[in-house]
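Written below as C-alpha cells is the structure these notes are about.
The values are calculated or read from the model by the stated rules, or taken from the named source; none is laboratory data. Nothing here was measured: the structure is a model prediction, and the numbers come from that model. We place every Cβ from the backbone using ideal geometry, glycine too, and count neighbours over all the protein chains shown. Note: accessible area is taken over every heavy atom of the protein model, side chains too, but ligands, DNA and RNA are not part of it. Shrake-Rupley method; radii C 1.70, N 1.55, O 1.52, S 1.80 Å.
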Amino acid sequence: MSDKLNALLERLKAHQRTFILAMAEHDGLPAGSALRQVAELENVIAAVEAVAAEEADRVRRDGQR
C-alpha cells in the first residue's frame with residue numbers, strides 16, 4: 001500500500017507544481033479559482049502524507065509482534 005500512496009503523493013505534488021508554475025507565467029495575482037485548486041491540492045497532499053505515516057507506523061507495529 002505504501003507504494004500506491006507514494007505514487008499518489010507524487011502525482012498530486014506534480015499536478016500542484018504544474019498549477020503553480022502556470023500561475024508564475026502570468027503577471028499579477030492568479031485567479032481565485034487557481035489559488036483554491038492549489039490550496040485544495042495542498043490539503044489532499046497533507047492528508048495522503050498523514051495516511052502514509054499511519055500506514056508506516058502500523059506496518060512497523062505489526063512487524064514488531
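So if I check each of Ala56, Ala39, Ala34, which one is at pLDDT 95 or above, open to solvent by less than 70 Å² (accessible area, probe 1.4 Å) and in a helix (DSSP H, G or I)?
None of the other options fit; the residue is Ala39.
Applying the selection to region 1-31, what residues are touching a residue at least 24 places away in the same chain (Cβ under 8 Å) and open to solvent by 90 Å² or more (accessible area, probe 1.4 Å)? Answer for region 1-31, where residues must be touching a residue at least 24 places away in the same chain (Cβ under 8 Å) and open to solvent by 90 Å² or more (accessible area, probe 1.4 Å): Met1, His15.
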